[in-house]
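Asker: Handing you a structure now.
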Amino acid sequence: MTSSSAKKRDLLTLADLDVAEIDLLFARATELKRSLKAGQTTRTLEGRTLGMLFEKPSTRTRVSFEVGMYQLGGHALFLSSKEIQLGRGETISDSARVLSRYLDALMIRTFAHENAEVLAQYASIPVINGLSDHFHPCQILTDMFTYQEKRGPLKGRKVAFVGDGNNMAHSWILASTKVGCHLTLACPVNYDPDPRVLSLAQRQPTVNGGGSVTLTRSPQEAVAGADLVITDTWTSMGQEQERQRRLRAFHGFQVDQTLMREAKKDALFMHCLPAHREEEVTSEVLDGEQSVVWDEAENRLHVQKAILEWLIRGHF
Ligand code: CP
Ligand code: NVA
């Protein structure tokens, strides 16, 4: 809806932001968090509207985007694909063109990443990927922000991802080469990350010191000396039919207290949630002293408010 001569920006993957922009985004998220806690109002998106297209369920993404828009003086519309014409076969490209006439930005949670790309291609307004089968950029930005808030810059740190080479793993792969941290992923056979994502990460400008990505089959090797340990569900949304097979394949990849002892003493544990307690992570770790999962969930709100301001206003 907003008319601007500047080219609109989208956030589909971490490749859409450079390191300097990530720094600006985090600085703004810190300011927004501080002012919210101080009871101050920030109505920078007064009169603006975000459409939130959901083809999969959500708790955190839906609520944090909706509350974020409200707190910034704007409004968010929840659009379930089951209840709009998209679910009856109206194309994504046609939906994009129509919705752009009403809204100031769109968020999409979808299956094939290509759906988010088509939406962005045909929408004249910014499009935010709120999770696709391949990437979850808002979550990874929040994870990076949360680490920085607790322990300082990620550059040079050792990050371990234990589990499925899925959307979270892919986004961490892009993050590591971007911010210069050293990521080791431990995934079972047949559950490695997509090699196309690895090569995309290698092609990113390494302005912040490179970083590295290593694959292993051993969770112990990945976690040894790590500053940050991450896992995610073994059965992502849309893979429910594969659950039994996956439970067998991921045997031995649970993050428990014994595995956490391989990491540095002050290592943090993160999980994007929802967690499947006693599957990919034990309650002892999730509820333990190294876990920052609740702050991580809260920070979705503050980081996304900064993302919304940046994309809708067109500057930081
Ligand atoms: N982490 C995350 O995206 O959670 P939801 O699926 O609840 O949105
Ligand atoms: N990998 C998970 C992340 C949930 C936020 C999924 O796609 O279901």
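The values are calculated or read from the model by the stated rules, or taken from the named source; none is laboratory data. Note that the structure is a prediction, hence the values are computed from the model and not measured. Cβ sites come from the backbone with ideal geometry, for glycine too, and all protein chains shown count toward neighbours. To get the accessible areas, we keep the full protein, side chains included, count just its heavy atoms, and leave off ligands, DNA and RNA. Shrake-Rupley method; radii C 1.70, N 1.55, O 1.52, S 1.80 Å.
Asker: Looking at the stretch 260-291 only, could you name the residues that are within 21 Å of the chain's Cα centre (by Cα), within 16 Å of ligand 2 (Cβ to nearest atom), outside any strand (DSSP E or B) and not small (Gly, Ala, Ser)?
Answerer: Residues satisfying the conditions are Cys272, Leu273, Pro274, His276, Glu280, Leu286.
Asker: Within the stretch 282-314, how many residues are touching a residue at least 24 places away in the same chain (Cβ under 8 Å), surrounded by fewer than 19 Cβ atoms within 10 Å (Cβ to Cβ) and either within 16 Å of Ser35 (Cα to Cα) or out of contact with any strand residue (DSSP E or B) (no Cβ under 9 Å at 6 or more places or on another chain) (or both)?
Answerer: The number of residues fulfilling the criteria is 4.
Asker: Report, by residue number, each residue of the stretch 124-140 that is out of contact with any Asp or Glu (no Cβ under 8 Å at 6 or more places or on another chain), over 22 Å from Asp295 (Cα atoms) and open to solvent by less than 20 Å² (accessible area, probe 1.4 Å).
Answerer: Ser132 - this is the single residue of the stretch 124-140 that is out of contact with any Asp or Glu (no Cβ under 8 Å at 6 or more places or on another chain), over 22 Å from Asp295 (Cα atoms) and open to solvent by less than 20 Å² (accessible area, probe 1.4 Å).
Asker: Cβ-Cβ below 6 Å, separation at least six or inter-chain, first residue in the stretch 51-80 and more than 18 Å from Ala112 (Cβ to Cβ) and in contact (Cβ under 8 Å) with a residue 60 or more places away in the chain, second part of a helix (DSSP H, G or I) and within 8 Å of ligand 1 (Cβ to nearest atom): which pairs?
Answerer: Correct list of pairs: Arg60/Ala297; Arg60/Arg300; Ser64/Arg300.
Asker: Only one residue in Glu55, Glu46, Glu90, Glu114 is over 15 Å from Leu301 (Cα atoms), within 16 Å of ligand 1 (Cβ to nearest atom) and among the acidic types (Asp, Glu). Which one?
Answerer: Of Glu55, Glu46, Glu90, Glu114, the one residue that is over 15 Å from Leu301 (Cα atoms), within 16 Å of ligand 1 (Cβ to nearest atom) and among the acidic types (Asp, Glu) is Glu55.
Asker: While we're looking at this one, here's another question. Among (1) part of a helix (DSSP H, G or I); (2) over 21 Å from the mean Cα position of the chain (by Cα), there is one condition Val189 misses while meeting the rest; what is its number?
Answerer: Going through (1) part of a helix (DSSP H, G or I); (2) over 21 Å from the mean Cα position of the chain (by Cα) one by one, Val189 breaks only (1).
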